[in-house]
1. Using only the Cα atoms, work out Rg/Rh for segment 101-145, with Rh taken as the Kirkwood radius, to two decimals.
2. Would you work out which of S28, I131, I72 lies farthest towards the positive end of the dipole of the chain? Charges go on Cβ: Lys and Arg +1, Asp and Glu -1.
3. Tell me the mean residue ellipticity at 222 nm calculated for the chain from its helices only (DSSP H runs of n ≥ 4, each -39500 (n - 2.57), averaged over every residue, nearest 500).
4. Can you tell me the relative contact order of the chain? Whole percent, Cα pairs under 8 Å, sequence separation 6 or more.
5. Excluding same-chain residues fewer than 8 positions from K32, which aspartates and glutamates have a Cα within less than 20 Å of its Cα?
6. What residue among P173, H119, H190 has its Cα farthest toward the positive end of the dipole of the chain, where the charges are +1 on Lys, Arg and -1 on Asp, Glu, each on the Cβ?
7. Write down the percent of antiparallel bridges among all DSSP beta bridges whose residues are both part of the chain, to the nearest 5.
8. Calculate the spin-label point distance for R43 paired with D124, positioning each point 7 Å from the Cα along the beta-carbon direction, and give it in nanometres.
Amino acid sequence: MRHIKTYFKEKYDTNGQTFVIEGPLSGSELEKLTYDEGLDAFRPPRDQFEAIIEIADLEEGRIIIVRTDSHIVGYVTFLHPDPLERWSDGSLPYIMELGAVEVSLDYRSYGLGKKMLQHAMKDDFVENYIIITTEYYWHWDLKNSGLDVYEYKELMIRLMAFSGFEVFQTNDPEITGHPANTLMARIGRHITNDQMIEFDKIRFKNRFFF
């Protein structure tokens, strides 16, 4: 199945500010924009910007951004799971990972994360996928949010639920290693029972299925 990307763009006006939410964008389109220094949750901003440019040019890679004028203040990434993670077992082409949702600190009161996720789900092609997201507490900005890990967990669950994600159980050691860590997934409308069975096998690796 060839991965098809359909570009969408929308304006979002809130609290006297105008934002543009768009994507999926290519690497060359991203390079024409500037990248906010507050986008540093995963690695230094320059390195992270280079990483999302690389993801954008993968066949299945999807980058959705929110910007003010030509300045990126938030992004969402989608790609196939890392080959070193259990979620890539069997190289199942219908499993995608929501790799990151990040909004710069100065812009976190505008609901931009939710808007980007909703924007990403406008493309009917995502209905061909199981999209997973692994939420780990060590990636969360607990200091600036003022929330504890369990409050932040509930925040992330609510955010993802707006775009059709739900909590799934797993025996993955990184998820089970802390009660705040969570696996969520969005099951596309075109996913078959057989595909769900394969996903279940990955979720509960080394458990017997009959």
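Quick note: the coordinates plus some simple rules give every number you see, no bench work behind them. Please read all numbers here as calculations on a predicted model, not as lab measurements. When we count neighbours, we look across all protein chains shown, and the Cβ atoms used for this are built from the backbone with ideal geometry, even at glycine.
1. Looking at segment 101-145, the ratio lands at 1.04.
2. Final value for the positive-end residue is I131.
3. Numbers: 7 runs with 57 residues, N = 210.
Mean residue ellipticity, 222 nm, calculated: -7500 deg cm²/dmol.
4. On the way: 348 pairs, mean separation 34.7, N = 210.
Once divided by the residue count of the chain, the mean separation gives 17 percent.
5. Within the straight-line limit of under 20 Å, K32 reaches these aspartates and glutamates: E10, E22, D40, D47, E50, E54, D57, D69, E102.
6. The Cα lying farthest towards the positive end belongs to H190.
7. Details: 32 of 37 bridges.
Rounded to the nearest five, the antiparallel share is 85 percent.
8. Spacing of the two 7 Å Cα→Cβ label points: 3.7 nm.
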